[in-house]
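Enquirer: Let me begin by handing over the structure; questions about it come next.
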Amino acid sequence: MIRKISNQDKDQLYDLVTSIDEFTTEEKEIALELIDDAITNGEKSQYKIFLSVYNERIDGYYCIGKRPLTQGVYDLYWIAVRPKSQSKGIGKKLIDHAEKFVEMNNGNWLLIETSSKDNYEKTRNFYLRNFYTIVTEIKDFYKAGDNLIIFGKYLKN
């Protein structure tokens, strides 16, 4: 089941985020800040978080929001699946749900920013398997040797 975040989800989400080795300490802090914002501000938050839940355990989540100053463009800020739950189709269900969320909110583009670091190769391949294309790549964006890669998918046919 995929559902919206609630106040009771904070501890499990913190555990999920901190369990992902690919995220740096700084990335984990940012993910946790967005979770806090979504819980604290509810519907008023610019960050919308949806969870994949099975037997009351959160196996994955995504965080999405409308890109400011655009018409119909959304950013997928985070998508993560608990390491022990990976390769079971949870990420696919989450990204499909995110696309439906964008379409239901009159969106047409879903953009995803990620790193070119080697430990993100599995993530980049996930986006490619789900028919996202590389919209642009900015060399040395995060630091020397760590490029910003922006994936995108146009959702209107």
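Each reported figure results from applying straightforward, stated rules to the coordinates on display, with no laboratory input. All values reported here derive from a predicted model rather than from experimental measurement. Glycine gets a Cβ as well: all are built from the backbone with ideal geometry, and neighbour counts include every protein chain shown.
Enquirer: Using unit Cβ charges (K, R positive; D, E negative) and no other charged atoms, how large, in debye to the nearest 20, is the dipole of the chain about its Cα centre? Numbers along the way, then the final one.
Expert: Working: 23 positive and 24 negative charges, 140 e Å.
Using only the charged Cβ atoms, the result is roughly 680 debye.
Enquirer: Which loop-located GluC sites (Glu not before Pro) does segment 1-85 contain, where loop means any DSSP state but H, G, I, E or B and the Cβ has at most 10 other Cβ atoms within 10 Å?
Expert: Details: sites: GLU22, GLU26, GLU27, GLU29, GLU33, GLU43, GLU56; in loops: GLU22, GLU56.
Of the GluC sites (Glu not before Pro), the ones in loops of segment 1-85 whose Cβ has at most 10 other Cβ atoms within 10 Å are GLU56.
Enquirer: To continue, here is another question. What is the distance in Å between the Cα centroid of segment 123-157 and that of segment 3-66?
Expert: 22 Å
Enquirer: Give a residue-ordered list of calculated ³J(HN,Hα) values for segment 130-139 (Karplus: 6.51 cos²θ - 1.76 cosθ + 1.60, θ = phi - 60°; whole Hz; x for Gly, Pro).
Expert: Result, ordered by residue: 9, 6, 8, 10, 7, 7, 7, 9, 10, 5 Hz.
Enquirer: Continuing with this model, one more query. Using the Cβ atoms and a cut-off under 12 Å, what net charge is assigned to the surroundings of MET1, where Lys and Arg are +1 and Asp and Glu are -1? Display every interim value, and only then the final one.
Expert: Values: positive: ARG3, LYS4, ARG57, LYS93; negative: GLU56, ASP59.
Within the 12 Å Cβ shell, the charges total +2.
Enquirer: Rounded, prolate or oblate: which fits the chain when a ≥ b ≥ c are the square roots of the eigenvalues of the alpha-carbon gyration tensor, with rounded for a/c under 1.5 and prolate only if a/b beats b/c? Show your work: numbers first, answer last.
Expert: Values: a/c = 1.40, a/b = 1.14, b/c = 1.23.
Rounded is the answer for the chain, as its axis ratio a/c remains below 1.5.
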